[in-house]
Amino acid sequence: MIYSFHPEAEKELNDTIDYYNKCKNGLGLEFVKEVYLTIQEIILFPEAWLKISANTRRCLLKRFPYGIIYYANKDELFIIAIMQLNKKPDYWKFITKGRF
């Protein structure tokens, strides 16, 4: 299964890496490693996590207060958002314009 990021999700990821690196040297790297490990888990078990709309699911990171919002079919995993859990919960619906 291939995976890709919505441009806003990629921006969220990069912004969060920068933020954590400012907090502590190397923490951004630890964050991105956890994100990519979580993506690998999603690829293995795409239907295992909480369904939050008709076509999307959310998988929580273990160490950081973030969730990965995604759409998956048999061939593709599309990352819609790298969501900070303290944000307004449905903000990602506006960046995708109801597509998911």
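May I ask you to list pairs of residues, at least six apart or on different chains, whose Cβ atoms are under 6 Å apart, with the first in segment 38-64 being within 13 Å of Leu77 (Cα to Cα) and the second being among the charged types (D, E, K, R) and part of a strand (DSSP E or B)?
Listed by first residue and then by second, the contacts come to Arg57/Lys51.
Can Asn55 be described as exposed (fewer than 12 other Cβ atoms within 10 Å of the Cβ), part of a loop (DSSP other than H, G, I, E, B) and among the polar types (S, T, N, Q)?
no
What about Glu30, is it in contact with a Lys or Arg (Cβ under 8 Å, 6 or more places away or on another chain), farther than 15 Å from Met83 by Cα, touching a residue at least 24 places away in the same chain (Cβ under 8 Å) and part of a helix (DSSP H, G or I)?
Considered against the rule, which asks whether it is in contact with a Lys or Arg (Cβ under 8 Å, 6 or more places away or on another chain), farther than 15 Å from Met83 by Cα, touching a residue at least 24 places away in the same chain (Cβ under 8 Å) and part of a helix (DSSP H, G or I), Glu30 comes out as yes.
Which numbered condition in (1) in contact with a strand residue (DSSP E or B) (Cβ under 9 Å, 6 or more places away or on another chain); (2) free of Cβ contacts under 8 Å to residues at least 60 places away in the same chain; (3) among the polar types (S, T, N, Q) is the only one that Asn21 fails?
Condition not satisfied by Asn21: (1).
Given the conditions (1) surrounded by 12 or more Cβ atoms within 10 Å (Cβ to Cβ); (2) part of a loop (DSSP other than H, G, I, E, B); (3) not acidic (Asp, Glu), and given that Lys74 satisfies all but one, which numbered condition is not satisfied?
Failing condition for Lys74: (1).
Values quoted throughout were computed directly from the atomic coordinates according to the rules given, and no laboratory measurement underlies them. Because the structure is a prediction, the values reported are computed rather than measured. Glycine gets a Cβ as well: all are built from the backbone with ideal geometry, and neighbour counts include every protein chain shown.
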